[in-house]
Amino acid sequence: MPPDYTHIENDGTPWKYDNNEWFFWRDGFGWIQYVGQKPTSFYNKFRER
C-alpha cells in the first residue's frame, strides 16, 4: 500500500487525488492516471483515508 494514497476503493485499490486528477495504484507500475469519465457512480466507490 503506497503511503500517499488519499482514498480507497471498496475492493481495496488505493487511489490518490492530486491537482484535480485521479490516480490508481498498481504494484510494479506505481501511480497510473485515470482518464475515464467520472460520473457520480465513480465517486461512490471510494472511502476517504
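The values are calculated or read from the model by the stated rules, or taken from the named source; none is laboratory data. Bear in mind the structure is a predicted one, so any value in this text is a computation, not a measurement. Note: ideal-geometry Cβ built from the backbone for every residue, glycine included; neighbour counts use all protein chains shown. Ligands, DNA and RNA are excluded from the accessible area calculation, which covers all protein heavy atoms including side chains. Shrake-Rupley method; radii C 1.70, N 1.55, O 1.52, S 1.80 Å.
Data table
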quantity: Residue count, the stretch 35-49 (criterion: open to solvent by 60 Å² or more (accessible area, probe 1.4 Å) and part of a loop (DSSP other than H, G, I, E, B)); calculated: 6
quantity: Leading residue by the ranking (nearest to Phe42 (Cα to Cα)) among those in the stretch 1-18 that are among the acidic types (Asp, Glu) and assigned to a strand (DSSP E or B); calculated: Glu9
quantity: Restricting the stretch 22-31 to residues that are open to solvent by 60 Å² or more (accessible area, probe 1.4 Å) and not aromatic (Phe, Trp, Tyr), the residue that is farthest from the chain's Cα centre (by Cα); calculated: Gly28
quantity: Test: residue in the stretch 5-21 that is loosely packed, with under 13 Cβ neighbours inside 10 Å, modelled with pLDDT of 95 or more and touching a Ser or Thr at 6+ places or on another chain (Cβ under 9 Å); calculated: yes
quantity: Cβ-Cβ under 7 Å pairs, at least 6 apart or on other chains, the stretch 24-49 side under 12 Å from Tyr5 (Cα atoms) and modelled with pLDDT of 90 or more, far side of a type in the set (Phe, Trp, Tyr) and in a loop (DSSP other than H, G, I, E, B); calculated: Phe24/Tyr34; Trp25/Tyr5
